[in-house]
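Input: a single structure, listed below in structure tokens.
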Amino acid sequence: MFPFTEFFLKHFWVLDTERPLGMTQGRIPESKIHSYFQRKGYMDDLCDFFVSIILRLDRAYLGWCNEERERRAKHQ
């Protein structure tokens, strides 16, 4: 496992709940990630890095969700 994987995944799954209602396939708003980071009290210098990692995880997760949805649609 890569360093800090567990750290980022733990926070990603918390932030996953910040998607707008009814938008299970919409991105996690960047403003929500910033607010979350600040509430946690982490060093401000790392905020941009944290946001970029969470957004990358989010894109990968949404890509996987789309692939799964397409795979299921083909099998129906």
Task: Of all residues making up segment 33-51, the number that are within 13 Å of Phe7 (Cβ to Cβ) and among the aliphatic types (A, V, I, L, M) - done: 1
TODO: Would you please name the residue that is farthest from the chain's Cα centre (by Cα), looking only at residues in segment 27-36 that are surrounded by 11 or more Cβ atoms within 10 Å (Cβ to Cβ) and in a helix (DSSP H, G or I)?
DONE: Ser35
Open item on the list: Looking at Arg19, Arg71, Arg39, can you tell me which residue is free of Cβ contacts under 8 Å to residues at least 12 places away in the same chain and surrounded by 11 or more Cβ atoms within 10 Å (Cβ to Cβ)?
Closed with: Arg19
Task: Of all residues in segment 45-68 being acidic (Asp, Glu) and surrounded by 10 or more Cβ atoms within 10 Å (Cβ to Cβ), the one that is nearest to Leu15 (Cα to Cα) - done: Asp58
Open item on the list: Is it the case, given these coordinates, that Ile53 is under 18 Å from Pro20 (Cα atoms) and either touching a helix residue (DSSP H, G or I) at 6+ places or on another chain (Cβ under 7 Å) or at pLDDT 95 or above (or both)?
Closed with: no
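The values are calculated or read from the model by the stated rules, or taken from the named source; none is laboratory data. Since the structure is predicted, the reported quantities are computational estimates derived from the model, not experimental observations. No Cβ is skipped: glycine too gets one built from the backbone with ideal geometry, and neighbour counts run over all protein chains shown.
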